[in-house]
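Values quoted throughout were computed directly from the atomic coordinates according to the rules given, and no laboratory measurement underlies them. These numbers come from a predicted model, not from an experiment. No Cβ is skipped: glycine too gets one built from the backbone with ideal geometry, and neighbour counts run over all protein chains shown.
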Amino acid sequence: MIRIHFKNLQRDFRIDTPACRRFLRRAAGWLDADNGELTVIFATSHRIRNLNRRYRDRDESTDVLSFPDGESSEAGLIYLGDIIIAPTVAARNAELYGNSLVDEFAMLLVHGLLHLFGYDHESDQGEMMRRQGELLAALTAHRPAITSRAQQHRS
């Protein structure tokens, strides 16, 4: 079974990490990947902007970055890499594109995972985006929850 670690470096959103783990494991199963290890980091828009500038020469915040690895981990598993998601940017994009935050967040998890498995939408003639759509359709009922802390206080 794929091992998934989480690191939360932001405070604006509450994220159901056990549900994220289950969701990503299901997605990995659809990719025929039962073995491996990865880390998902929830970051501020400032932190992801710095990473985007440093590694992609783009001085702007983005919603998701993936850093594939492929080395063996200490546990003897293949370390697939890191997925970094900025929930604040995801919320902004969800509103901009008319999506729910839960849908946007699920899409970012799948998008990041596909990059760790070698998919590249910038060069693959649509294969990654087709695969992403298939996975999201298959996993609709399993989307993990994400809520802003501001929404929680209003309820």
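Would you mind checking the tilt of helix 17-30 against the longest principal axis of the Cα atoms of the chain, expressed as 0 to 90 degrees and rounded to 10? Helix 17-30 sits at roughly 40 degrees to that axis.
Between 0 and 90 degrees, the angle of helix 101-116 with respect to the longest Cα principal axis of the chain falls at about 30 degrees. Which shape class applies to the chain: rounded if a/c is under 1.5, otherwise prolate when a/b exceeds b/c and oblate if not, where a ≥ b ≥ c are the square roots of the Cα gyration tensor eigenvalues? Rounded is the answer for the chain, as its axis ratio a/c remains below 1.5. For residue 6, the residues whose modelled amide H falls within less than 5 Å of its own, excluding neighbours fewer than 5 places apart on the same chain, are 40. Taking Cα centre as origin and charging only the Cβ of basic (Lys, Arg, +1) and acidic (Asp, Glu, -1) residues, the dipole magnitude of the chain rounds to 760 debye.
Near the amide H of residue 62, within less than 5 Å, lie the amide hydrogens of 49, all on another chain or at least 5 residues away, with H placed in the peptide plane.
The 3J(HN,Hα) values that the Karplus relation (6.51, -1.76, 1.60; θ = phi - 60°) gives for region 122-138 are, in residue order, 7, 9, 10, 6, x, 4, 5, 5, 5, 5, 4, x, 4, 5, 5, 5, 6 Hz. Gly and Pro appear as x.
In the chain, a dipole from Cβ-located charges (positive for Lys and Arg, negative for Asp and Glu) runs towards its positive end, and of 102, 44, 147 it is 147 whose Cα lies farthest in that direction.
Considering only DSSP beta bridges whose two residues both sit in region 1-86, what percent are antiparallel, to the nearest 5?
Percent antiparallel among DSSP bridges in region 1-86 is about 35.
For residue 78, the residues whose modelled amide H falls within less than 5 Å of its own, excluding neighbours fewer than 5 places apart on the same chain, are 36, 37, 73. Within region 3-144, DSSP assigns beta bridges of which about 35% are antiparallel (rounded to the nearest 5).
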